[in-house]
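So the structure is just underneath, and the comments pick up after that.
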Amino acid sequence: MSYNLQVTIDKSSGFCFGVVYAIEMAEDILANEGSLYCLGDIVHNDEEVDRLTNMGLKIIDHEVLKTLKNEKVLIRAHGEAPSTYMLALENNLTLIDASCPVVLKLQNRIKNSHDDEEQILIFGKHGHAEVIGLQGQTDGKAIVFQDLAELDHVELPSKFTLYSQTTKSVDKFYHIKDQLLSRGYEVKANDTICRQVSNRYQELENFVSNYNKIVFVSGKKSSNGKVLYDVCKKYNENSYFISNVEELDKNWFAAHDKVGICGATSTPMWLMEKVKSALEQY
């Protein structure tokens with residue numbers, strides 16, 4: 001029996017401009033030179049990483065970076081700590097810097113705060129590439145936390161400056177700020193969340209309410225994917241998270257369902273198209 005699913009891809013889903021910029025830079029160099037090193041996954045999406053590694057992209061970590069000399073290395077949208085740039089100078093590496101402008105601006109603001117000897121708190125994911133780059137602006141002195149409970153056991157100064165990783169939830173950031181103020185701290189809060197990302201929450205909320213079922217496509221490593229999937233689930237409980245076409249399950253659907261497909265800022269459009277084609281075969 002054919003399900004005749006009506007499938008629509010969310011127009012505002014897919015790569016943010018920072019990721020588009022990094023991938024276009026990588027593609028240009030790969031087309032001309034056939035290979036390029038990239039420090040860390042260029043994007044938190046295994047399918048897209050596979051596509052680019054097949055074109056000649058070589059994903060390396062910081063340990064491998066230390067061993068390279070006289071090579072070209074791409075810095076991805078998440079940005080890097082100052083120590084990476086120092087190492088590049090020492091090893092005569094050419095850095096192709098595709099750091100997202102929103103991230104670079106934030107790094108700069110954090111560095112200025114640190115230079116002014118402010119104590120800095122960063123609301124962000126431990127170990128995330130962007131957060132490591134941000135903490136690097138403070139010589140590792142910033143306090144990074146994922147949720148308020150972590151701060152219960154930390155001796156905080158009476159006064160500090162609060163920043164956020166660019167892909168965090170705006171609501172959660174302001175909730176944290178209010179909670180810290182209510183505990184009597186003097187908080188200088190800087191909302192440094194990328195609006196292209198935060199606007200997606202509203203767009204998704206509007207999008208998912210129009211469909212019987214939602215298929216959310218994202219890499220499992222994407223922080224932004226987790227946040228956006230929670231938005232889908234909140235406004236449409238029939239939302240399913242997949243990373244590739246193989247994870248689709250026909251049992252999720254009924255005949256004539258209207259199905260919406262959406263994704264993270266690291267989800268390539270070609271992957272959502274592939275999911276759409278698979279659903280239309282049902």
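Consider only pairs whose beta carbons are under 6 Å apart and that are at least six residues apart or on different chains; among these, list those whose first residue lies in region 183-203 and is in a loop (DSSP other than H, G, I, E, B) and whose second residue is among the aromatic types (Phe, Trp, Tyr) and at pLDDT 90 or above.
Every condition considered, the pairs that remain are ASN190/TYR163; THR192/TYR163.
What pairs can you find where one residue is in region 1-12 and within 15 Å of LEU271 (Cα to Cα), the other is small (Gly, Ala, Ser) and surrounded by 10 or more Cβ atoms within 10 Å (Cβ to Cβ), and their Cβ atoms are less than 9 Å apart, with a gap of 6+ or different chains?
VAL7/GLY260; VAL7/SER277; THR8/GLY260; ILE9/GLY260; ILE9/GLY263; ASP10/GLY260; ASP10/GLY263
Can you confirm whether LYS125 is in contact with a strand residue (DSSP E or B) (Cβ under 9 Å, 6 or more places away or on another chain), among the charged types (D, E, K, R) and either open to solvent by 60 Å² or more (accessible area, probe 1.4 Å) or under 27 Å from GLU24 (Cβ atoms) (or both)? Lay out the reasoning, then the answer.
Numbers: in contact with a strand residue (DSSP E or B) (Cβ under 9 Å, 6 or more places away or on another chain): yes; among the charged types (D, E, K, R): yes; either open to solvent by 60 Å² or more (accessible area, probe 1.4 Å) or under 27 Å from GLU24 (Cβ atoms) (or both): yes.
Yes, satisfied.
Quick test for you: out of GLU203, GLU247, GLU186, pick the one residue that is over 22 Å from PHE173 (Cα atoms) and of a type in the set (Asp, Glu).
Details: GLU203 fails: over 22 Å from PHE173 (Cα atoms); GLU186 fails: over 22 Å from PHE173 (Cα atoms).
Unique residue meeting the criteria: GLU247.
Of all residues in region 1-23 being aliphatic (A, V, I, L, M) and part of a loop (DSSP other than H, G, I, E, B), which is surrounded by the fewest Cβ atoms within 10 Å (Cβ to Cβ)?
We begin by selecting, within region 1-23, every residue aliphatic (A, V, I, L, M); these are 1, 5, 7, 9, 19-20, 22-23.
Subsequent filtering for residues that are part of a loop (DSSP other than H, G, I, E, B) retains 1, 5.
On the way: MET1: 5, LEU5: 19.
Only one residue fits best here, namely MET1.
Test LEU162 against the stated conditions and say whether it is part of a helix (DSSP H, G or I) and crowded, with 17+ Cβ neighbours inside 10 Å.
Working: part of a helix (DSSP H, G or I): no; crowded, with 17+ Cβ neighbours inside 10 Å: yes.
No; evaluated as a whole, the condition is false for this residue.
With the checklist (1) surrounded by fewer than 18 Cβ atoms within 10 Å (Cβ to Cβ); (2) touching a residue at least 40 places away in the same chain (Cβ under 8 Å); (3) in a strand (DSSP E or B) in hand, flag the one item LEU74 doesn't pass.
(1)
Name every residue in region 230-257 that is at pLDDT below 95 and buried (at least 21 other Cβ atoms within 10 Å of the Cβ), in order of residue number.
Selection gives VAL231 alone.
Hey, PHE253 hits all of (1) closer than 26 Å to PHE17 by Cβ; (2) in contact (Cβ under 8 Å) with a residue 40 or more places away in the chain but one; which does it fall short on?
(1)
Determine, yes or no, whether ALA26 is open to solvent by 20 Å² or more (accessible area, probe 1.4 Å), aliphatic (A, V, I, L, M), out of contact with any Phe, Trp or Tyr (no Cβ under 7 Å at 6 or more places or on another chain) and at pLDDT 95 or above.
Values: open to solvent by 20 Å² or more (accessible area, probe 1.4 Å): no; aliphatic (A, V, I, L, M): yes; out of contact with any Phe, Trp or Tyr (no Cβ under 7 Å at 6 or more places or on another chain): yes; at pLDDT 95 or above: yes.
Considered against the rule, which asks whether it is open to solvent by 20 Å² or more (accessible area, probe 1.4 Å), aliphatic (A, V, I, L, M), out of contact with any Phe, Trp or Tyr (no Cβ under 7 Å at 6 or more places or on another chain) and at pLDDT 95 or above, ALA26 comes out as no.
The values are calculated or read from the model by the stated rules, or taken from the named source; none is laboratory data. Keep in mind it's a predicted model, so treat the numbers as computed, not measured. For neighbour counting, all protein chains shown are included, and Cβ atoms are generated from backbone atoms with ideal geometry for every residue, glycine included. For the accessible areas, the whole protein counts, side chains as well, though only heavy atoms, and no ligand, DNA or RNA atoms are used. Shrake-Rupley method; radii C 1.70, N 1.55, O 1.52, S 1.80 Å.
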